[in-house]
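Single-structure report; data block below.
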């Protein structure tokens, strides 16, 4: 479908006007930075209502097939919406796991019945999704998952637990990796993948209080929970391959996400503004040559990351290592965020240690953002794992 520049220009103006008119604004309570910090009912309902409003206005899932509830339009329209959302700093889409991981996976691998059952609810936020990959005793060793799924007639009986289950108390469904067999040539062979319901007897998500005093994560216990056998995606033993595809969506290495913001956190321009109003020796901190140099380096790095996506469309810039940009995106973005938040705290001098109270700079949002930045460097594979992936799959280095 060919789209003219004029048509895109008019669409951008339309979206910009709609967002300006419909931005829900300050709700009067603390908003989370991302879906990983949604810990109160008022936060959840505010964000769910916002996603529903965006979807019903036609601005979410625009490139997903119309027969399943999407817009059926070229991807460029959704890209414009997401860009305008970022520019106007509207709230993020709370159903991040559904929109960015589960939804693309279902569209890629799901049956016709699964697409019809799940996709529209993901877009409208009627059906919230969570992820059941990590386990308390196995750290980043996802392949060693021990949560069991035992076949019992037409059902599976699930037992074990998953941790860091964002939105666990609100989710209706979970993408779940569980062990259906202990046989096979390796630990991966016995894993299977499920689109599991959460609102069934025996599934118990327990909220975890974080360092910031917020909630959002859960540990989810499966106490012989019975789920229908039709919840399995693919066949028994195919779970590892499906999980790896899911992680490619989570890490942004593969496209197909529904669009919208996944977070409304601080960015490098906010750090620049903080540097302008911070002081060193009675002068603006930005006049200090060392601080100015660090700030310039951050700005260059942030601009470079922003240009990475358009860079992938230029063959000559990707011919030597075509997967380098896609495979490194999650590592580059999350580590930059962690480092510039740490730098922002250093700009506050002694006040950098104040997280609450009247003397906390900007209400303590920098401290909160710094603490929360670590979750993004862990979820979807730690930064150490991401470096191994880039080394092995992009640079061709040996595993040992």
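The values are calculated or read from the model by the stated rules, or taken from the named source; none is laboratory data. Since we're looking at a predicted model, the values are computed, not measured. Every residue, glycine as well, gets a Cβ built from its backbone with ideal geometry; the counts of neighbours run over all protein chains shown.
Below are the figures for this structure:
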read-out	value
Given (1) within 20 Å of the chain's Cα centre (by Cα); (2) under 30 Å from residue 28 (Cα atoms); (3) buried (at least 19 other Cβ atoms within 10 Å of the Cβ), index of the condition residue 371 fails	(3)
Qualifying residues in segment 243-261 (those that are assigned to a loop (DSSP other than H, G, I, E, B) and at pLDDT below 90) - the one surrounded by the fewest Cβ atoms within 10 Å (Cβ to Cβ)	255
Residue 77 vs. criteria at pLDDT 95 or above and touching a strand residue (DSSP E or B) at 6+ places or on another chain (Cβ under 6 Å)	no
Count of residues meeting criterion [farther than 19 Å from residue 208 by Cβ, in contact (Cβ under 8 Å) with a residue 60 or more places away in the chain and assigned to a loop (DSSP other than H, G, I, E, B)] in segment 121-141	2
Conditions (1) at pLDDT 95 or above; (2) within 23 Å of residue 330 (Cα to Cα): number failed by residue 143	(1)
Selection from segment 342-390 of residues that are in contact with a strand residue (DSSP E or B) (Cβ under 9 Å, 6 or more places away or on another chain) and assigned to a helix (DSSP H, G or I)	347, 349, 372, 375, 376
Residue that is nearest to residue 214 (Cα to Cα) [pool: residues in segment 142-169 that are crowded, with 24+ Cβ neighbours inside 10 Å and over 16 Å from the mean Cα position of the chain (by Cα)]	162
Options 39, 70; residue that is part of a loop (DSSP other than H, G, I, E, B) and modelled with pLDDT under 95	39
Filter pass, residue 217 being surrounded by 15 or more Cβ atoms within 10 Å (Cβ to Cβ) and at pLDDT below 95	yes
Whichever residue in segment 1-15 is modelled with pLDDT of 95 or more and in contact with a helix residue (DSSP H, G or I) (Cβ under 9 Å, 6 or more places away or on another chain) and, among such residues, is surrounded by the most Cβ atoms within 10 Å (Cβ to Cβ)	15
